[in-house]
Every structure is written in C-alpha cells, then in structure tokens.
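What follows is a set of notes on a single structure, which appears directly below.
Each reported figure results from applying straightforward, stated rules to the coordinates on display, with no laboratory input. The structure presented is a predicted model; accordingly, all values stated were derived computationally and were not measured. Positions of Cβ are backbone-derived with ideal geometry, glycine not excepted, and every protein chain shown enters the neighbour counts.
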Amino acid sequence: MKRFAALFLSAAVLLSIFAFTGCGRDDGDARRITLNEVTRSVFYAPLYAAVTKGFFAEEGLELEIVTGGGSDASMTALLAHEADFALMGPETGVYVVGEGKAEHPVIIGQLTKRDGSFLIGRESVEDFSWEMLRGRSVIGGRVGGMPYMTLRWVLDKNGLTPDEDVEIISSIQFNLMGGAFESGTGDFVTLFEPTATTFQNNGSGFKVANIGLESGEVPYTAFMTSPETVRDDPDLVMRFIRAIARAQRWVASADDDEIAEAMLPFFPDSSPEDLVNVSRSYRETDSWMTDPVMTEEAFARLLEIMEFNGELKAPVGFDELVDNSFAERAKAELANE
C-alpha cells in the first residue's frame, strides 16, 4: 500500500475500506480477494448485491472492497498488484493500451451501460432545457474521465459547444465535487446517487436532467484484472465473474425494496426509502447490465466519445482490451440452470 499511497496521497486520505463475508461457508474455506472500486455509489448495486446475497460466498470468495476515489487510483492499485480486480471506467484501460504496454489489464465484464450521473442545479426546474446552460458553469469531473467526457458529448448533442457556450470546471477531485458545489462553486454539478438524492432532500441542489438518458448506451463501468491473473488463475476470474453474473440476474428480477435492502450495509448513512427511490431511478433508466458480456457496439460508442473529446490517441481493438470468455461462459451456465 505504500506505493499506492505515495502516488495518490489525496485519494488515500479519502480511502474507505469495507470487508464483508457472505453466508454459507466457513471463513477458513474462503479465499480472500480485493476489489478496488472507483467510487461508492448505488449505481453499482449488482456488485453490492453479489456480496450481501451471498453469491461471492457461494464461489468460495471473501471480498474486500476498497474505494479508490477515481479511475486513475483504481488502475494504479491494479497495476501495483494492490487489488485482484478493479471496477472503473473502461476508458482507463484504453489509456493504458494507448501507452503501448504489452502487458496491460483486461476488461473481463461490464456492470453498467450508461452514465449514472444527474445534472444538479441550484434551483428546481420544471421544464428543463439544455439551452439553460448557455453562459453557465458545470462542475463536470476530471479531464479524460467518463463523467467529464460524457457531459461534453451530451452538451454537443444538444447544440452547446463545451468550454465555449458552457464552462466545464474540471479542477475539482471527483469525491469533492458535491462539497465544492455546496460551497458555491459552479452553477451546476454532475453527481451520482445517493449523493444526488441527498442533495435534493436537504435542498442543496435539485435534479434537472439525467446524463445517462441523454448520452445513450455506453460501457460506463467495467471489471478489470491483470493479464497475469487471467493467465495464471483463470478459475479465480471465472468464480468472480460468475458471482457478478448471478447478482445481475437477481437484480433484474428483484423489486426495488429488495435491491435497497441488499445495498443498505454499504450505505449506512442513507435511508432505506432513499435507496428504494434511487434503485427505481436506475432501473427505469435501464442503467444496469443483465449479464457481464460487453458488446463491440458498446465499445465502439466508448471510443467515439473518447475521440470526440480528443482523448483517443491511437485505435484500440475490441479484442485487444476485452476478454469476454469468462462472461460468456457465466451467461451460458446461468441460462442452463
């Protein structure tokens, strides 16, 4: 952890670690593994359900989840072998491949299929129009990150030129965006749940638009692991992805109350009612994958958004970064149960 802390001191200060053991196996039988997640959000509900519903335990795995506070921190943890798996934006993998590294992390499964953030304003708006952002400012995340790139894509789609018609504030660390907005920075901010609902409940801000509905489907967050793990421990990768696939199938059929209950241990400061509401919101916007298989079409949309933002330095082939073999096998196995 020393190397990780030295490279990302600010992220380490905000680091939060949650270790959960599922039911159904003795601790002595379980293999302990670490997942670094880019942030803590109900957007990742299937991951948390995989823990609380015992799907990891059924695979003989005890999962420790470390919250990195940014895709760069999560990728660093993976590259430094501080984590067995990482959940982050797939654009981070594209960047690493673009650097020409022969041995680079690979995407083994997809969790979400659109941007999970909401545009938050300082006042409630009944008939929102993107034209309302002309001449205004938005706290939009770090340059090169998916929240930032998707926001710029959506602005352009709605006839606004990013950085000309709308000022995008990109100097604020992801985990500090909400606090900066509350302190008076920016006219708008993009926030994930449950923060977006918390802001609305306490009057700190109001949801005016759903970024994900505007951007369309894109592989927004995905699971990655090292090529060494794929090569030397494929059984571990298979068990990990099978647990995720089971959780995705469960979430697809569960009701919002059940999903909220499954997430609650990971969000002790959120009320069950808020978790029900945000679960309903993400379900209605079709934000969650029902299986972990990433499609080439979705990957192409990702590259299109990156190219629009000037972040695609060199072409990256789908098969170069994505290994669907474990996800496809898990999907097939569950279909036969």
Please report the spacing between the Cα centers of the range 251-312 and the range 101-175 in Å, no decimals. 16 Å
Percent RCO, i.e. relative contact order, over the range 118-215, from Cα pairs under 8 Å lying at least 6 residues apart: 47 percent
For the range 118-215, what is the convex hull (Cα atoms) projected area averaged across all directions, in square nanometres? 5.6 nm²
Farthest toward positive dipole pole in the chain [+1 Lys/Arg, -1 Asp/Glu at C-beta], among 267, 215, 287: 267
For helix 272-284, report the angle its Cα long axis makes with the longest principal axis of the Cα atoms of the chain; keep it between 0 and 90° and round to the nearest 10°. 90 degrees
Karplus 3J(HN,Hα) series, Hz, for the range 82-97 with 6.51 cos²θ - 1.76 cosθ + 1.60 (x for Gly, Pro): 8, 9, 7, 9, 9, 10, 7, x, x, 4, 5, x, 4, 4, 5, 4
Only Lys, Arg, Asp and Glu count, each charged at its Cβ (+1, +1, -1, -1), so figure out the dipole size of the range 118-215 about its Cα centre, rounded to 20 debye. 260 debye
If the only charges are +1 at each Lys and Arg Cβ and -1 at each Asp and Glu Cβ, what is the size of the charge dipole of the chain around the Cα centre, to the nearest 20 debye? 480 debye
Using only DSSP helix segments of four residues or longer, with each worth -39500 (n - 2.57), what per-residue ellipticity at 222 nm results for the chain after dividing by its residue count and rounding to 500? -12000 deg cm²/dmol
Once the Cα gyration tensor of the chain is diagonalised, what are the square roots of 5 times its eigenvalues, in whole Å and ordered largest first, as equivalent ellipsoid semi-axes? 31, 23, 19
Which percent, to the nearest 5, of DSSP beta bridges fully inside the chain are antiparallel? 60 percent
Evaluate E = 1/(1 + (r/R0)^6) for residue 134 and residue 182, where r is the Cβ-Cβ distance and R0 equals 30 Å; express this FRET efficiency to the nearest 0.05. 0.80
What ratio of Cα Rg to 2.2 N^0.38 Å holds for the range 25-169? 1.29
Neighbour counts of other C-beta atoms within 10 Å: give me 230, 166, 138, 189 arranged from fewest to most. 230, 166, 138, 189
Highest mean packing first, using Cβ neighbours within 10 angstrom, the peptides 99-106, 85-92 sort as 85-92, 99-106
How far, in degrees from 0 to 90, does helix 296-308 lean away from the longest principal axis of the Cα atoms of the chain, to the nearest 10? 40 degrees
On a 26 Å Cα-Cα criterion, which of the cross-link pairs 157/207; 113/331; 101/331; 53/101; 207/331; 157/331 come out too long? 101/331; 53/101; 207/331; 157/331
Any idea what the dipole of the range 247-311 comes to, in debye rounded to 20, about its Cα centre with Lys/Arg Cβ at +1 and Asp/Glu Cβ at -1? 100 debye
In Å, what is the Rg of the alpha-carbon atoms in the range 103-171, and how long is Dmax? 14.4, 50
Residue by residue through the range 223-233, the couplings from Karplus 6.51 cos²θ - 1.76 cosθ + 1.60 with θ = phi - 60°, in Hz, x for Gly and Pro, are 8, 10, 8, 7, x, 5, 5, 4, 6, 9, 9
Debye-sum result for the range 190-337 in log10 I(q)/I(0), which assumes one identical scatterer on each alpha carbon, at q = 0.09, 0.15, 0.16 Å⁻¹: -0.38, -0.99, -1.08
Counting DSSP beta bridges with both ends in the range 118-215, the antiparallel % (nearest 5): 55 percent
